[in-house]
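A.B. asks: Structure below; questions to follow.
The values are calculated or read from the model by the stated rules, or taken from the named source; none is laboratory data. Since the model is a prediction, treat every value here as computed from it, not as a measurement. Because the Cβ atoms are built from the backbone with ideal geometry, glycine has one as well, and the counts that use them run over all protein chains shown.
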Amino acid sequence: MSDFRALLRGTEIEPPLDDSTIDDVLSKFPINVPSEYRDFMRHANGAMGDVGSGWILLHSLEGISAPGEDDPLPGRVVIGYDGGSFYYAMRDGDPPQFVEISIEDFEERDLGPTMVDLLCNRTVI
């Protein structure tokens, strides 16, 4: 079991997805997905609420679209946001990373390869 479950305790979570649905949707993404993201989808198909000292929304898998040809964030898949200042995304790599992207200027900052990194290393305003 991953520590992200404890961090999400108290948030509103959507019912989890089965492996077949997760694999089907994620196969359409043009990036390698962090393994913990699959674990997250097995736990909750999206979450919303306070984590630490800040609010976060993690989209349901059905609410995420694969980047298109003219996407302003190539090689990234946006999976959530903080309600005002930052998008949270997955970026391809070895290993794949979670990143925080400024909504204002698209400046990007690495958060790390795990869901715990995403939840603990993000900027809280």
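A.B. asks: Would you please list the contacts, defined by Cβ atoms under 6 Å and residues six or more apart or on different chains, that run from a residue in the stretch 108-125 that is in a helix (DSSP H, G or I) to a residue that is among the acidic types (Asp, Glu) and surrounded by fewer than 18 Cβ atoms within 10 Å (Cβ to Cβ)?
C.D. replies: Final answer for the pair search is Val116/Asp3.
A.B. asks: Answer yes or no: is there a residue in the stretch 97-107 that is surrounded by 19 or more Cβ atoms within 10 Å (Cβ to Cβ), closer than 23 Å to Gly10 by Cα, of a type outside the set (Gly, Ala, Ser) and under 14 Å from the mean Cα position of the chain (by Cα). Break it down into steps so the answer makes sense when it comes.
C.D. replies: Of all residues in the stretch 97-107, those surrounded by 19 or more Cβ atoms within 10 Å (Cβ to Cβ) come to 97-101.
Next, only the ones that are closer than 23 Å to Gly10 by Cα stay: 98, 100.
After this cut, where a residue has to be of a type outside the set (Gly, Ala, Ser) as well, the list is 98, 100.
Checking the rest, the ones that are also under 14 Å from the mean Cα position of the chain (by Cα) come to 98, 100.
Within the stretch 97-107, one or more residues are surrounded by 19 or more Cβ atoms within 10 Å (Cβ to Cβ), closer than 23 Å to Gly10 by Cα, of a type outside the set (Gly, Ala, Ser) and under 14 Å from the mean Cα position of the chain (by Cα).
A.B. asks: Return the residue satisfying two criteria in turn: it lies in the stretch 1-26 and is over 16 Å from the mean Cα position of the chain (by Cα) and of a type in the set (Ser, Thr, Tyr), and of such residues it is farthest from Val99 (Cα to Cα).
C.D. replies: Checking each candidate, the answer is Ser20.
A.B. asks: Mind listing whichever residues of the stretch 14-30 are within 11 Å of Met41 (Cβ to Cβ), free of Cβ contacts under 8 Å to residues at least 40 places away in the same chain and not in a loop (DSSP other than H, G, I, E, B)?
C.D. replies: Asp19, Ile22, Asp23, Val25, Leu26
A.B. asks: Examine the stretch 73-80 for a residue that is touching a Leu at 6+ places or on another chain (Cβ under 9 Å), outside any strand (DSSP E or B) and modelled with pLDDT under 90, and state whether such a residue exists.
C.D. replies: Scanning the stretch 73-80 turns up no residue that is touching a Leu at 6+ places or on another chain (Cβ under 9 Å), outside any strand (DSSP E or B) and modelled with pLDDT under 90.
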